[in-house]
Amino acid sequence: MREAVGRDSVDQDTAYQDTIRGGVSQVRFKADTIIFYTDTKNVLLLHNGEVTYGDLTVYSDSIRFSTQKRLLSAFKGAKLRSSSDSLIGEQLDYAVETQKGVMTEGRTQIEKGYFAGQGVWLVEENTIHITRGYYTTCERYPPHYDFYGSELKVILNDMVISRPIILRVRRIPVLAAPFWYLPIGNKRKSGLMPFKFGHSDEEGWFTKMIRYYWVTNDYSDALFSLDIFTRKGFRPGVLFQWRYGPRGAEYAAGRFSANYINETDTRKQRWTLALNNTSYIPDGTKITAVINFRSDQSYIIEYIEDEDSLTMLLDQRTRSDVSISRKLLGRPTTISASREDDLRTGSYTMTLPIFNFSWPTATLWDFFTVNFGSFGVNNQYRHDVTQIIDTLGDTLETIEDFRTTRFSQPLTLSWSYNLLGAYTFGQTWNAGQSLTWTQDSLIREADYSLSNSMGTELSRIFGIYILGMNGMLHSIRPTITHTITPAKGTIHPWLVYPRFDTTLASHRVNLNIAQSLQAKFRARGDTTRFRKQDLLTLSTGIGYNLLTDSLTPATATIYLPSGLPVQANVNMSYNLYTDSFALKTSASASVDKLLFPLFGLRERGVVEEDTIAWDSLGIERGDTAAFDSIMRLQPPDSMVISEDSLYRPYEKKETFLERFSKSKLSLENSWGIRSDSLGGVGKSDHMVSARTQLFLPFEIELNLSVATNLTEPKARWQDYIASYNLSLVKGLHCWEAVFEVTPRDGLSMAPDNLEWNFYVRVKELPDIQFGKGMLRQLGE
């Protein structure tokens with residue numbers, strides 16, 4: 001016998017009490033038609049069926065639920081939602097008490113990836129098994145690419161294990177491996193990482209960046225890598241990182257990296273080694289080590305994978321430092337050693353040891369200070385290698401070795417006093433001794449000087465209320481300084497003393513006027529608060545030499561501080577007697593920050609996190625009404641729904657201005673000029689660099705970085721280029737097509753030195769790419 005509980009064209013709602021292992025739970029049924037079979041204790045829901053059991057909710061056109069066996073079967077587009085899983089498929093069989101089941105032709109979204117399979121098995125908490133399925137970051141169905149495996153094990157917020165794994169493009173197999181690990185989620189986890197595969201003329205067929213990431217514990221991890229080249233051989237590498245202790249107060253933090261290759265074509269052994277570590281011992285000792293070595297100067301240039309590491313390409317020196325510091329007798333004490341190598345010439349400088357002991361500073365009567373600074377010992381060895389080309393074109397090397405040991409002890413006596421609350425008078429006496437042993441001599445040195453200064457500060461606030469300002473503060477700080485440096489005499493063999501019975505070594509008066517502009521702006525997000533921003537710092541000065549009865553060159557420095565779209569530093573000097581001048585400038589500008597606000601655009605900064613959370617199907621958590629409407633007949637406007645795709649938030653297409661407003665454009669200029677007494681003008685190094693990232697319509701992104709050296713005239717415009725890199729990126733839904741132009745050897749701009757590269761990569765997995773070399777060889 002069966003009993004029809006409800007048979008209407010409207011929603012029917014009923015509840016059933018059931019007992020599960022955690023206690024008594026209420027089962028709620030909802031559908032257009034609900035049929036209850038009293039003999040079998042089964043419930044049949046027809047048309048827009050919905051079953052809620054604890055934290056589990058199932059939606060389907062028809063659902064059968066056994067109240068005795070607690071088994072649920074959903075047909076014709078089943079959808080399951082629980083606290084840990086969300087699935088969409090054709091048919092669902094689920095044991096609600098054990099929370100185990102299988103979805104036929106199931107699909108789900110986890111983090112930024114999508115999973116689908118012939119069978120999706122929920123076997124245990126936070127673990128999903130998939131048979132004959134795939135993983136992809138493309139939300140289309142069928143996806144543009146996927147990683148297919150006959151067996152996939154998905155550990156939520158951890159990794160995907162596939163056996164085997166086949167990379168398919170448009171369902172066409174491209175690459176395969178017997179097994180693979182794909183990390184998912186945001187937490188650190190061990191596993192294999194994506195690699196690069198391709199071909200180049202110099203390296204042959206290659207597989208680069210085969211990496212295994214190993215999370216050893218919460219405080220350290222390791223990365224093992226391997227590059228394989230058919231023409232070069234094997235290049236293994238390792239990276240260890242550690243950070244023990246609370247963040248910001250670690251006991252030890254650092255990293256070690258190394259890699260090596262024995263090139264089969266050149267028979268050269270090439271390598272790099274780097275260590276950076278800081279350790280704190282409970283007794284107050286601090287140990288730091290920065291060690292960098294590499295086999296030759298071109299190794300980084302030929303094997304580097306980081307396109308942004310231009311400084312590494314240009315820097316042909318390596319430096320290593322090791323230091324131990326702690327308090328001795330309550331005072332900071334440091335012992336250190338260093339080595340710097342010039343990879344171009346083979347020269348190096350070693351300093352071992354360097355010892356510094358800081359004496360205490362004594363303050364008397366609140367205005368008088370005695371400071372002995374730091375007693376220092378510096379033992380240095382220098383190995384200079386100079387290459388000379390003779391008249392026959394042969395290269396000759398000269399080698400010179402230098403050894404020096406230097407002891408130094410400074411002394412500073414100073415006091416200051418405020419007069420009438422507006423003027424500050426100060427006096428400083430420096431008296432330091434040093435002794436230097438070289439291979440051939442003993443050098444005694446000292447530093448004596450007496451300085452008197454008087455200064456004040458004047459301020460005024462201007463009522464300027466433009467460009468978002470809420471007033472401007474103008475400060476002027478004039479200072480006059482009188483300095484004398486006495487001649488020195490020597491008491492054999494150690495002491496150097498000041499002599500005032502003869503002509504002074506230096507005697508001058510300096511006038512300096514420092515000015516600054518500071519504005520007040522309303523704080524972002526809180527119009528009741530204000531923030532201060534330095535706008536400009538200007539310092540001018542001139543000196544008078546009492547020994548020669550002459551003025552020193554007038555100087556001026558203009559500085560635009562950080563935090564502004566434009567940053568600049570200008571240094572100028574002018575000699576009144578020789579009518580000569582010197583000018584050196586350094587400026588950088590974020591052009592986008594200057595121009596975009598003028599046209600109503602805004603730079604897109606850090607986007608505030610949305611307060612709405614989405615589950616793995618892109619459904620808003622906590623909004624039951626929205627979820628109900630999604631799973632029923634009509635989706636809300638903010639969702640895209642399709643029976644052949646997963647549910648995800650609707651992404652509004654950007655307008656041209658919205659996309660272009662994300663662009664970046666920066667310029668840097670370093671330039672100097674100098675004139676002499678004869679009217680000649682000479683230039684110092686003039687470097688101009690530009691970096692731009694333009695977001696254009698049709699998902700096109702243009703990246704260009706160029707550095708030019710304009711110091712000397714060149715025969716060809718290409719010779720002005722010091723470094724460059726050009727890339728054009730075209731978005732292809734879940735893929736990107738990338739076109740790059742880089743120098744093949746060195747930084748020459750000659751056409752025969754240009755190397756272009758074209759490849760296609762996955763947006764979410766940029767290490768998975770197909771380059772021109774591989775495609776060219778496949779076509780031969």
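The values are calculated or read from the model by the stated rules, or taken from the named source; none is laboratory data. Predicted model only: the values in this text are computed from it and were never measured. So basically every Cβ, Gly included, is an ideal-geometry build from the backbone, and we count neighbours across all protein chains shown. Surface areas here come from the heavy atoms of the whole protein model, side chains and all, with no ligands, DNA or RNA. Shrake-Rupley method; radii C 1.70, N 1.55, O 1.52, S 1.80 Å.
Quick rundown of the values:
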quantity: Qualifying residue in region 148-156 (condition: charged (D, E, K, R), open to solvent by 20 Å² or more (accessible area, probe 1.4 Å) and part of a strand (DSSP E or B)); calculated: yes
quantity: Filter pass, ILE161 being touching a Ser or Thr at 6+ places or on another chain (Cβ under 7 Å) and at pLDDT below 85; calculated: no
quantity: Complete set of residues in region 118-132 that are modelled with pLDDT of 80 or more, open to solvent by 10 Å² or more (accessible area, probe 1.4 Å) and under 38 Å from the mean Cα position of the chain (by Cα); calculated: THR127, HIS129
quantity: Residue satisfying all of: in region 223-234; among the aromatic types (Phe, Trp, Tyr) and touching a residue at least 24 places away in the same chain (Cβ under 8 Å); least open to solvent (accessible area, probe 1.4 Å) among these; calculated: PHE229
quantity: Hits in region 162-177 (condition: of a type in the set (Val, Ile, Thr) and surrounded by fewer than 19 Cβ atoms within 10 Å (Cβ to Cβ)); calculated: ILE166, VAL169, ILE172, VAL174
quantity: Any hit, region 513-534, residues being within 30 Å of THR711 (Cα to Cα), surrounded by 16 or more Cβ atoms within 10 Å (Cβ to Cβ) and of a type in the set (A, V, I, L, M, F, W, C); calculated: no
quantity: Region 359-373: number of residues that are hydroxyl-bearing (Ser, Thr, Tyr) and either surrounded by 17 or more Cβ atoms within 10 Å (Cβ to Cβ) or not in a strand (DSSP E or B) (or both); calculated: 0
quantity: 1 or more residues modelled with pLDDT of 85 or more: qualifying strands (runs of 3 or more DSSP E) within region 1-108; calculated: 23-37, 42-53, 56-66, 71-75, 78-81, 86-89, 91-95
quantity: Filtered residue count, region 299-315, keeping only those that are open to solvent by less than 40 Å² (accessible area, probe 1.4 Å) and either in a strand (DSSP E or B) or at pLDDT below 80 (or both); calculated: 3
quantity: Region 339-364 residues that are over 27 Å from ILE388 (Cβ atoms), paired with ones that are of a type in the set (A, V, I, L, M, F, W, C) and part of a loop (DSSP other than H, G, I, E, B) (beta carbon under 9 Å, 6 or more apart); calculated: PHE357/LEU329; SER358/PHE372; TRP359/PHE372; PRO360/PHE372; THR361/PHE372; ALA362/PHE372
quantity: Hits in region 470-512 (condition: in contact (Cβ under 8 Å) with a residue 60 or more places away in the chain, crowded, with 16+ Cβ neighbours inside 10 Å and not aliphatic (A, V, I, L, M)); calculated: PRO498
quantity: Within region 374-407, tally of residues that are more than 30 Å from THR334 (Cα to Cα), in contact (Cβ under 8 Å) with a residue 12 or more places away in the chain and open to solvent by less than 90 Å² (accessible area, probe 1.4 Å); calculated: 3
quantity: Residue count for region 430-486, restricted to those that are part of a loop (DSSP other than H, G, I, E, B) and either small (Gly, Ala, Ser) or out of contact with any Leu (no Cβ under 8 Å at 6 or more places or on another chain) (or both); calculated: 11
quantity: So GLY237, is it closer than 26 Å to ILE335 by Cα and either open to solvent by 50 Å² or more (accessible area, probe 1.4 Å) or within 28 Å of the chain's Cα centre (by Cα) (or both); calculated: no
quantity: Residue that is modelled with the highest pLDDT, among those in region 722-760 that are surrounded by 17 or more Cβ atoms within 10 Å (Cβ to Cβ) and of a type in the set (Phe, Trp, Tyr); calculated: TRP735
quantity: Failed item, numbered, when ALA78 is tested on (1) out of contact with any His (no Cβ under 8 Å at 6 or more places or on another chain); (2) closer than 26 Å to HIS144 by Cα; (3) surrounded by fewer than 23 Cβ atoms within 10 Å (Cβ to Cβ); (4) hydrophobic (A, V, I, L, M, F, W, C); calculated: (3)
quantity: Criterion violated by ASN277 - all others in (1) modelled with pLDDT under 90; (2) open to solvent by less than 50 Å² (accessible area, probe 1.4 Å); (3) within 29 Å of ASP227 (Cβ to Cβ) satisfied; calculated: (1)
quantity: Candidate set from region 538-556 (those that are in a strand (DSSP E or B) and touching a Lys or Arg at 6+ places or on another chain (Cβ under 7 Å)); member that is least open to solvent (accessible area, probe 1.4 Å); calculated: GLY543
quantity: Residue tally, condition of a type outside the set (S, T, N, Q), within 30 Å of GLU658 (Cβ to Cβ) and out of contact with any Asp or Glu (no Cβ under 8 Å at 6 or more places or on another chain), over region 692-723; calculated: 9
quantity: Unmet criterion (only one of (1) touching a Gly at 6+ places or on another chain (Cβ under 9 Å); (2) at negative phi; (3) touching a residue at least 24 places away in the same chain (Cβ under 8 Å)) for LYS100; calculated: (1)
quantity: Exclusive hit being modelled with pLDDT of 75 or more, touching a His at 6+ places or on another chain (Cβ under 8 Å) and not aliphatic (A, V, I, L, M), set ARG211, ARG170; calculated: ARG170
